[in-house]
Amino acid sequence: EMRKTTANMYRLGWDERNGGNISYLLDEEDVSNITDELIDRFSEPPMQVMNLINIAYIKNLANSVGITEINAKKTSVNFKFAPDEITPKICISLIGEFPGKITVSSSAIPTIIYHEKDRYQLFDNIKFVLQSIIRLKNETK
């Protein structure tokens, strides 16, 4: 199923537009467009394909805010930042926006940890946290 979907993406020219790398999705509109195109041509994509598209979107969001590593566990996600990419003010704002869900590590590598008991909500909520970081970074420019 996955091979068929990726072969069809190549056949549709998606490979040429994005250098063959699905992680170059730029924004939610791109995610929506590729999803709509897959649905139009092949019906509802399998969950694995949707996960691939969502992971590409999350990687793009993470790269845009200086996150160098994401470690997902069953009920939490660690976001490790490059030096000087996250400020204490942004961390405090995130703690306020996601009460009881955000902790900050003061180790040598700046790390924000998002906690979510419902593992089925974890994937979607990662996007919300990253979108909040983008907004907060833009507000402090």
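The numbers here are math on the coordinates, done by the rules we state, and not lab data. Note that the structure is a prediction, hence the values are computed from the model and not measured. Counting neighbours? That spans all protein chains shown, and the Cβs are built from the backbone with ideal geometry, glycine included.
What FRET efficiency do you get for Thr35 and Val104 if R0 is 22 Å and r is their Cβ-Cβ distance, rounded to the nearest 0.05?
Details: r = 34 Å, r/R0 = 1.53.
Step by step, r from the Cβ atoms, then E = 0.05.
Just to be sure I understand the model, the point goes 7 Å from the Cα along the line to the Cβ. What's the resulting Asp27 to Lys137 distance in nm?
1.6
Take each of the peptides 36-49, 60-73, average the number of other beta-carbon atoms within 10 Å over its residues, and list them starting from the highest. Walk me through the numbers before you get to the answer.
Details: 36-49: 13.1, 60-73: 15.8.
Going by the mean number of other Cβ atoms within 10 Å, highest first, we get 60-73, 36-49.
Kindly provide the Kirkwood hydrodynamic radius of segment 59-141 in Å, to one decimal, from all pairs of distinct alpha carbon atoms.
Details: mean 1/r = 0.0790 Å⁻¹.
Answer for segment 59-141: a Kirkwood hydrodynamic radius of 12.7 Å.
Which lysines, on any chain, are close to Lys101 with Cα under 24 Å apart, when same-chain ones fewer than 8 places away are left out?
Output for Lys101: Lys59, Lys73, Lys74, Lys80, Lys89, Lys117, Lys127, Lys137.
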